[in-house]
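One structure below.
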Amino acid sequence: MKTLPALTETQFRLTAAAVFVAVLPHLLRLPWLIALPVLVLFALCWLQRWRGGTRPPAWIKLPLVLLFPILIIFHYGNLFGREPGSALACAMLALKLLETDNRRDARAAICFSAFVLMSALLFDNSLWITALLCAALALLLAALRALESPRTAWRRDLRAGALALAGALPLALCAFVFFPRLAAPLWGAPTDTIARTGLGERMAPGTMQELLIDDSPAFRVVFDGATPPREELYWRGPVLWNFDGSAWTRPEWLAAPQHDGTQVRVRGPRVGYEVTLEPSERHWLLALDVPLLAPAGAVRGADMSLVSRTRIDAATRYRMVSAPNYELDPVLSPLHRRLALQLPPGFDPRARALAQRWRDEFKGDPGLIVRAALDMIGAQFTYTLNAPLLGRDSVDDFLFETKRGFCEHFSSAFTFLMRAAGIPARVVTGYQGGYFNPIGNYWVVRQSDAHAWSEVWLEGRGWVRVDPTAAVSPQRVQFGARAAAGASVPWYQADWLMAMRNQLDLVNRFWNDAVIQFNALRQQSLLTPFGIVRADYPQLMLAMLVAGSLLLGFFAWWVMRAPRRAGDALDAAYARLCRKLARAGTVRDPADGPVTLAARVAARWPARGDAQDLITQYVSLRYACALPAPERIQTFTRAVAALRLPAATPLAAQSS
Amino acid sequence: MNASAASLKTRLFEAAELRLPALTRLKRVEALPVVLDRRRIYVLPTRFGLMLSVLLLVMLLGALNYNNNPALLLTCLLAAAAYQSVFTAFGTLNRLQIHALRAEPCHAGGELELGIHFHTAARARHSLHVSAGAAQIGFDLDADGAATLRIPAPHRGWLRPGRLRVSSEYPFGLFQVWSWINPDFAALVYPRLEADPPPLPYAGATSPAFADRVAGDELAALRDYQAGDPPRNIAWKASARRDELLVKEFETLRGHEVVLDPATLRGLAYEARISRLAAWVCMAETRRVPYALRLPDVRIEAGLGDAHRHACLRALALAPGAAP
């Protein structure tokens, strides 16, 4: 076998950098059990290179090759799937670097890093990550170039890589836009879940805390007409009925569509809007209270929550119509009434006693009881994200001991009190408010806008929304969770930072719209202006070929075109001078040297010496020194530009 | 096994050229300068390029299957950059001009240093490779310049480097562009020098002592250094004063010359005679002994100096039986 020459220092460093950059996005995500050994491998690699660079012997490599699959199986349980697969790929890539000492190894490592780089996008495909990874491609290309041309400096390699990438952008966009998408996945769609924060079907004290400090967008909304006021923006999510003493949950059977008397009477205007949901790995669709229809592929439950039949794994867009003023369920079915009054026996005796006292005091008048509860909460309680921990009787502890908490504490305690007082009540979770982006004219609602409130059923009015949090902290509803939390917000939610981030969200939205959600339908609409109404595979392929050929044709022309002009700046200036003279009537004969030309110019214009001077200058610049100074050429060029000659008279033109 | 396969390949290639000159377009010898253009530049993906395209296909399938548009965008970007590198590769050879080949004569058994002179048309040309047979060299050209290819020269006579293959895998090693040139060029290879030749055959009863005196004494003048002057003749002290190399010129002593004639060398094989004569030519030149050459069809009168030496060696190189 022919032995290949060893890598130079620059070649190896660029290759190692490319591999490291490919692994980096994964390292931040991998569990330390795997990330740490991978980092150690990189350190080993550096050490080995520093010590002289011999290949590690088999007795070191073999255990390492076996170690990683074992670690991965230990952590994930198997080797296949998105997460364990990418972890294995990272480990193998780092191992490959350890034994890379010639060009073939380096090329294989770089090829594989491109794959690992792409797989990072399966976990996070936000604009920033994608842009970073595309920039990393430039590093990969630079490493490939260094392998090919070992004698150049790494800066030139990097520049060449970046230029190649920039030049590839048009062709890449063309392929991206026109490449036919798959109607159905070729193999099983990913089933492993990425842990994302989001609304759950269970609410226990403290479960929402993680959500309230998470700034990632939950969904974006564009209203057709005027936007309802901010304090009325209650985005309805899962409705929780069951309480077991510590957590509120949603009965499973309510997911099915109900036709047993659920009805909505709309009062006042309807509001139409379009929601773009970020992937949540859950089934919930969010809608403004109260939704009047269910989007395609989703059902509206008896409690007016929308559930999609498929999990929301990719950004999803749907149109909705809601009625801000409504009357929901004027008649409550016995089943629902029983559910809405259910309480776990043996929990929270003090709260039950308080509710019983109100019931006696107000003779069972629901309106007065609600008022009394809100008054109590508003007078004695504090809104804070740093709520103290609660014991077994969580409602009692909260109502009578700690008195500090946020939306889920308030709605939980309030709903409990209402039920204990004999008023049907339930907890509604969802989002409240949002941020209006005036440039993009849309609302962005973040995870930190998550909220929980209550609904009580009143005779003659149906389900009525009561937000106990608003009683404690009106700012929460008017200005959002951050304003309400005051000093307890994390540093990255500072006002000015949030304002900036809300503005920047425009870019994310564009990315979502233009790239992530680009699908077969949008592909077709792109072709409609060209008369292709139903774009199928052959037509898309044809479009791609035509556009691609045009681009490639342009590049081919660019490469093969003749060099623009022979000669240097001095020649160019002299040519300009000759053109000026020709316009003035003294046409240079091809056989004329500059001295002959100067003599003719002198004969033609005996009175003025400027043109003649310029020719003499050219002669001294061109022939009197090997390499004229650039400043002198510049001076000459400017003088030529400034030269004014009289226009040729017909007689002069004839005589010359 | 490998060697026979290689020779079979060569024979097939030669047969193809004989039968299908239009297809290979390589047979004709052409005059320099040669400018490479799209009519004679060939492009094919390398093995690494094919490997990358398989990987890109896998990435494409993955991105499409997971319906992940950013991943698809990344794949497209890499694919487009890889594909467009073919233009850069083509541009590496396009308009490259080979305007001269130069080679100083060498002796058989050594290596011919073939200087290949390029005009780059004001573009930097990266990682060019030139090969002729087994000899090959890689280099970069930032401006007009030359590369030196070392070709083994086994036989005396004319050496034709034959077809030169100019190729490049710049920028990413995904495509190879190459072009063949078959320049009208031949370099002269002087005969092999006999390793340990006997003393010079002085005419008559000249003694070796006399020969030594001729070689060492009678310093006549100093002259400028010329390529090929033996280093021990350099007048170092005088050179240091003048800032340029000077060589001691010795008086030639008329009447004391050697006549080099293969007919006097009985008992030696034909090529061995030529080898010895060549060695004697060089020996006589270094000792400053005038020498004459008598070949069956060439007679060169006695003389000294570079031109004389080259004429003699050339006559010996082209003596009957040389490579055509």
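Structural remarks
- Restricted to region B:312-324, and to residues there that are more than 17 Å from B:Ala187 (Cβ to Cβ) and open to solvent by 40 Å² or more (accessible area, probe 1.4 Å), the residue that is modelled with the lowest pLDDT is B:Gly321.
- Just one residue in the set A:Val275, A:Val307, A:Val299 is more than 22 Å from A:Asp224 (Cβ to Cβ) and crowded, with 18+ Cβ neighbours inside 10 Å; that residue is A:Val307.
- Selection of region A:209-237 for residues being part of a loop (DSSP other than H, G, I, E, B), at pLDDT 80 or above and hydrophobic (A, V, I, L, M, F, W, C) yields A:Ala226, A:Leu233.
- Of residues in region A:127-151 being facing chain B (nearest Cβ under 7 Å) and outside any helix (DSSP H, G or I), the one modelled with the lowest pLDDT: A:Arg151
- Taking first residues from region A:380-407 that are within 17 Å of A:Trp453 (Cα to Cα) and partners that are open to solvent by less than 10 Å² (accessible area, probe 1.4 Å) and charged (D, E, K, R), the Cβ contacts under 7 Å between residues at least 6 apart in sequence or on separate chains come to A:Tyr383/A:Arg476; A:Val395/A:Asp348.
- Residue that is nearest to the chain's Cα centre (by Cα), among those in region A:107-126 that are more than 7 Å from chain B (Cβ to nearest Cβ) and closer than 21 Å to A:Leu504 by Cβ: A:Ser126
- Candidates A:Gly367, A:Gly391, A:Gly430, filtered to the one that is assigned to a helix (DSSP H, G or I) and either open to solvent by less than 10 Å² (accessible area, probe 1.4 Å) or not assigned by TED's automatic domain parsing to the domain that holds A:Ala226 (or both): A:Gly367
- As a summary of the residue check, B:Ala215 satisfies the conditions (1) at pLDDT below 85; (2) within 30 Å of A:Arg104 (Cβ to Cβ); (3) among the hydrophobic types (A, V, I, L, M, F, W, C) except for the one numbered (2).
- All positions within region A:89-106 that are open to solvent by 10 Å² or more (accessible area, probe 1.4 Å) and under 26 Å from the mean Cα position of the chain (by Cα): A:Ala89
- The selection criterion, being touching a strand residue (DSSP E or B) at 6+ places or on another chain (Cβ under 7 Å) and not polar (S, T, N, Q), holds for A:Asp329.
- Residues satisfying the stated conditions in region B:47-57, i.e. open to solvent by 20 Å² or more (accessible area, probe 1.4 Å) and either more than 30 Å from A:Leu521 (Cα to Cα) or more than 7 Å from chain A (Cβ to nearest Cβ) (or both): B:Arg47, B:Leu50, B:Met51, B:Ser53, B:Val54, B:Leu56, B:Leu57
- Checking each residue in region A:509-553 for being in contact with a strand residue (DSSP E or B) (Cβ under 7 Å, 6 or more places away or on another chain) and either within 14 Å of chain B (Cβ to nearest Cβ) or not in a helix (DSSP H, G or I) (or both) picks out A:Asn512, A:Gln517.
- Residue in region A:317-331 that is more than 45 Å from the chain's Cα centre (by Cα) and at pLDDT below 85 present: yes
- All positions within region A:152-168 that are under 23 Å from the mean Cα position of the chain (by Cα) and facing another protein chain (nearest Cβ under 7 Å): A:Leu165, A:Ala168
- 3 or more residues among the small types (Gly, Ala, Ser), in the same structural domain as A:Trp46 (by TED's automatic domain parsing) and modelled with pLDDT under 85: qualifying helices (runs of 4 or more DSSP H) within region A:57-123: none
- Among the residues of region A:453-462, those that are touching an Asp or Glu at 6+ places or on another chain (Cβ under 8 Å) and either open to solvent by 20 Å² or more (accessible area, probe 1.4 Å) or modelled with pLDDT under 90 (or both) comprise A:Arg461, A:Gly462.
- From the options A:Leu24, A:Leu36, residue that is modelled with pLDDT of 90 or more, at negative phi, open to solvent by 80 Å² or more (accessible area, probe 1.4 Å) and assigned by TED's automatic domain parsing to the domain that holds A:Leu127: A:Leu36
- Residue check for A:Phe42: aromatic (Phe, Trp, Tyr), touching a Ser or Thr at 6+ places or on another chain (Cβ under 9 Å) and surrounded by 13 or more Cβ atoms within 10 Å (Cβ to Cβ): no
- B:Arg125 vs. criteria within 19 Å of the chain's Cα centre (by Cα) and of a type in the set (D, E, K, R): no
- Candidates A:Leu132, A:Leu165, A:Leu169, filtered to the one that is open to solvent by 30 Å² or more (accessible area, probe 1.4 Å) and without any contact (Cβ under 8 Å) to a residue 60 or more places away in the chain: A:Leu169
- The numbered conditions (1) surrounded by 17 or more Cβ atoms within 10 Å (Cβ to Cβ); (2) in contact with an Asp or Glu (Cβ under 8 Å, 6 or more places away or on another chain); (3) farther than 22 Å from B:Met51 by Cβ are all true for A:Ser149 except (3).
- Only listed residue being more than 14 Å from chain A (Cβ to nearest Cβ) and surrounded by fewer than 16 Cβ atoms within 10 Å (Cβ to Cβ), chosen from B:Pro152, B:Pro183: B:Pro152
- Scope region B:66-101; condition more than 30 Å from A:Phe179 (Cα to Cα) and either within 7 Å of chain A (Cβ to nearest Cβ) or without any contact (Cβ under 8 Å) to a residue 40 or more places away in the chain (or both); matching residues: B:Asn94
- Set side by side, the residues B:Val166, B:Val130, B:Val177 differ, and just one is out of contact with any helix residue (DSSP H, G or I) (no Cβ under 7 Å at 6 or more places or on another chain) and either farther than 30 Å from A:Ala556 by Cα or not in a loop (DSSP other than H, G, I, E, B) (or both), which is B:Val130.
The values are calculated or read from the model by the stated rules, or taken from the named source; none is laboratory data. Small disclaimer: the values here were computed from a predicted structure and weren't measured. Note that we place each Cβ from the backbone using ideal geometry, even for glycine, and neighbour counts take in every protein chain shown. In case anyone asks, the SASA skips ligands and DNA or RNA and just uses the protein heavy atoms, side chains included. Shrake-Rupley method; radii C 1.70, N 1.55, O 1.52, S 1.80 Å.
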